[in-house]
1. Given (1) in contact with a helix residue (DSSP H, G or I) (Cβ under 8 Å, 6 or more places away or on another chain); (2) more than 21 Å from A:Tyr208 (Cβ to Cβ), identify the lone condition not met by A:Tyr291.
2. Report, by residue number, each residue of the range A:65-82 that is under 19 Å from the mean Cα position of the chain (by Cα) and either of a type in the set (Val, Ile, Thr) or at pLDDT below 95 (or both).
3. Could you list all residues from the range A:143-179 that are within 9 Å of chain B (Cβ to nearest Cβ) and open to solvent by 20 Å² or more (accessible area, probe 1.4 Å)?
4. Exactly one condition in (1) free of Cβ contacts under 8 Å to residues at least 40 places away in the same chain; (2) open to solvent by less than 40 Å² (accessible area, probe 1.4 Å); (3) not β-branched (Val, Ile, Thr) is false for A:Ser106; which is it?
5. Only one of A:Ala250, A:Ala241 is loosely packed, with under 15 Cβ neighbours inside 10 Å, modelled with pLDDT under 95 and among the small types (Gly, Ala, Ser); which?
6. Tell me which of these A:Thr50 doesn't satisfy, since it passes every other one: (1) within 17 Å of A:Glu302 (Cα to Cα); (2) free of Cβ contacts under 8 Å to residues at least 40 places away in the same chain.
7. Between residues in the range A:109-128 that are surrounded by fewer than 16 Cβ atoms within 10 Å (Cβ to Cβ) and residues that are of a type in the set (A, V, I, L, M, F, W, C), which pairs lie under 7 Å by C-beta distance while being six or more apart or on different chains?
8. Any chance you could count how many residues in the range A:55-70 are touching a Leu at 6+ places or on another chain (Cβ under 6 Å) and polar (S, T, N, Q)?
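The values are calculated or read from the model by the stated rules, or taken from the named source; none is laboratory data. The structure presented is a predicted model; accordingly, all values stated were derived computationally and were not measured. All Cβ positions, glycine included, derive from the backbone under ideal geometry; neighbour counts span all protein chains shown. Accessible surface is based on the protein model in full, side chains and every heavy atom, while ligands, DNA and RNA are left aside. Shrake-Rupley method; radii C 1.70, N 1.55, O 1.52, S 1.80 Å.
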Amino acid sequence: MATRMICKSVVAAGIAGFMATVSNAAEEKIVIGVPAWPSAEVTANIISMTLEDKFGAKPELVQRGTLTILNQVGEDTIQIHPEVWLPNLETAMARLEAADATVHLSPKGVDAAQNICASRETLDQTGVGSVADLSKPEIAAQFDSDGDGKGEIWIGAPSWSSTAIEKVRAHSYGYDQTMTLLEMPEDVAMAAVDVAASLGRPIVFYCYAPHHVFKLHDVVKLEEPAYDAAKWKLADSNEDANWIENSMAATAWDHSHFHVGYSASVKKMPEIAGFLDSISFNADDIVDMSYAVEVERISPEEVARSWIEANSDRIGEWTK
Amino acid sequence: MVNLLTRFRRYAPLLILAPILAGTAIAYAQTFKTQIYDPDTRKWYNYDQNRAMKYYRKHGQTPGDFQRQVVTFRTAEKPGTIIIDGDKHFLYYVLPNFQAIRYGIGVGRDGFGWAGIVEVGRKAEWPTWTPPPEMVARDPNAAKYAGGMPGGPENPLGARAMYLYVGGQDSIYRIHGTHQPWTIGLNISSGCIRMVNDDVIDLYSRVEVGARVIVLMQGAALYKGV
């Protein structure tokens, strides 16, 4: 009997604690930033639906650029960033930390990669093999499509943290002199890859993995020297007008990875912070999400709902 | 070698067209002000409309590459989307199962000096053409139609027009037909994206208002001299 009483009181305390968290979450404003790429759109929805289903919260989703979301998480005006890419946002993270605007990162990141890619036939057609080759005028000219003698290369969407670093890389390798660096929404760039593949024309472009383009086309990464910390120095574009000239990135990207980021107010809700810390997607999850949104034309919300249904055991693990 | 032959066949029509223009350049170099850019040879050629018309009348059609055809097209875009490649002068209408209909297009002399995503906001059959005020001011023929030229075989917008909208607002760009089919494959005359009338009628019958239109960044204006 005594044992049963104890059990009952533990259960009661547990329920009381859970209800306190629920009421806390329901009262606290939780805004989730949604950056402009497909896997982040899905994971933002998965986080939102889980917060609603398991914690009784009423999260709000807002679309913003990745850097804006990160800064707002630092200010606690947005509470969650679904994909904080590193090393892309390291400079911004350091600036926020110096200003006591902490962004907490979930410990279990997803392995990622960032490169310059080409269709496989581009290698034979143009003789390009490495990123450094793009600084050779005779190689670069083969990617010329507007008659100015310089090639064209897509380096990312304007709102992406990687785009600024790709500018630095182009400057460090020297192909900012031989190629026009194009900043465009990802869908425009991917349509250009589709057209190049259909016509058998050469193309080079910034690429990141996990991504559905590797499933859609025969895409290869251009070679470059392995990451060397001594050759990577990134000035902060917010503080240095000559940040491109004062930066250097003449090797491959460091091993990339991305994490869920959350604000100080979320840290004070241990159940929710515990859930965010437990999230662990793998590369296959991310490719499937990206493919479902971009190729199969399923809305991020629907992909998220299906993913939750198919992975209730994992959600259960993350939220227990 | 097979690859080389395939490539030659693929671009043979363009190679045929280029010498017509290049030959003109040698004979009458001083008399030409208008030039077009050939992306395959990466050279500028003087443009002679009479020779282009003769070529068209002799063959009775646009060069093979610019004729409407279904091509393999692996894409993440949904069926019904239009992709415009102003550089290579192709318009793709995405079909299911990784296929697309590829049409030849002409690009206006102002070119598509921009890239991005717009949508078909409105469609019209045998549209009225209203010349812009600057054309009315300089061209007495255009001035006759300052109030609008009714649709018909002489109307420069041709048989159909699809009006491209940005953020719900009409842009100045249209996909339309032409009564000058010899201009397909080139960057000449004023206008936006021109297609031969048969093609624009075909495209019009497939496209829905609200369809997404992606204009590739390689489609910069490849025209100078006017």
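1. (2)
2. Here is the first cut: in the range A:65-82, the residues under 19 Å from the mean Cα position of the chain (by Cα) are A:65-74, A:78-82.
Scanning the range A:65-82 gives A:Gly65, A:Thr66, A:Leu67, A:Thr68, A:Ile69, A:Val73, A:Ile78, A:Ile80.
3. Step one: of the range A:143-179, the residues within 9 Å of chain B (Cβ to nearest Cβ) are A:144-149, A:152, A:154.
Result: A:Asp146, A:Gly147, A:Asp148, A:Gly149.
4. For A:Ser106, the failing item is (1).
5. Working: A:Ala250 fails: loosely packed, with under 15 Cβ neighbours inside 10 Å.
Just a single option satisfies the conditions, and that option is A:Ala241.
6. Only one criterion is unmet by A:Thr50, namely (2).
7. Note: pairs meeting the criteria are A:Asp111/A:Ala283; A:Arg120/A:Val220; A:Leu123/A:Val220; A:Gly127/A:Ile139.
8. Looking only at that region, the number is 0.
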